[in-house]
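Below you'll find the structure, written out as structure tokens, and then a few comments.
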Amino acid sequence: VIIYEDGDFNFFSTVAGVQPTFGGYDPAVLRAGPSSRVLEVIDLPKGVVFGPPTGMGAGAVLPAPLNLVNVTTPCSFCLAGGDGRGAILFDSTGRLSYYSADGPPLGTADLMQGASLSLFSADVGGTRTLVIGTATGGMRAFNNG
């Protein structure tokens, strides 16, 4: 998990020549634009991975008001297939946007209500799902397993 401060306001750019961008970012080579910086790198504990593939489980639904947040994938805002990358952007007013590639933020109906990210540990035999509310940026954790 990389916490990146985008002081150049172009990390999600599709303009040729802008580097680095989210779509081509190599987490093994921590780079930043001239006015940007990597604030923190958080390694997940040994044995903890994003998943499982069905998040909280096929057909899982949270109680209202979170019932519209998709919790049936390991990450509701991450790129399906490929490297599975995803990003949460907090703007200067605290509003959230979600990205899975360079370009405009994702705007699906699911993400207007919030997003989810599940972490799984085979060692503990359980999953913890974080749900992020788009309107407030507030988070809730759900233990399932």
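The values are calculated or read from the model by the stated rules, or taken from the named source; none is laboratory data. Keep in mind that what you see is a predicted model, and the values were worked out from it rather than measured. Note that each Cβ is placed from the backbone with ideal geometry, even for glycine, and that neighbours are counted across all protein chains shown. In case anyone asks, the SASA skips ligands and DNA or RNA and just uses the protein heavy atoms, side chains included. Shrake-Rupley method; radii C 1.70, N 1.55, O 1.52, S 1.80 Å.
A compact table of results
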read-out: Cα-derived Rg to Rh of region 63-145, Kirkwood definition; value: 0.97
read-out: Potential lengthening between Phe90 and Val61 on full extension [0.36 nm per residue; Cα-Cα distance subtracted]; value: 7.9 nm
read-out: Over the chain: helical MRE at 222 nm, DSSP H runs n ≥ 4 each giving -39500 (n - 2.57), nearest 500; value: -500 deg cm²/dmol
read-out: Net charge, Asp6 excluded, C-beta distance under 12 Å - Lys, Arg +1, Asp, Glu -1; value: -2
read-out: The chain, dipole about Cα centre (Lys/Arg Cβ +1, Asp/Glu Cβ -1), debye to the nearest 20; value: 300
read-out: Protein accessible area in region 37-122, 1.4 Å probe - carbon and sulfur %; value: 62
read-out: Most mobile of Phe50, Phe77, Phe90 in a GNM of the chain (Cα contacts under 10 Å); value: Phe90
read-out: Per residue accessible area in Å² of the chain, where ligands, DNA and RNA are left out and the probe is 1.4 Å; value: 59
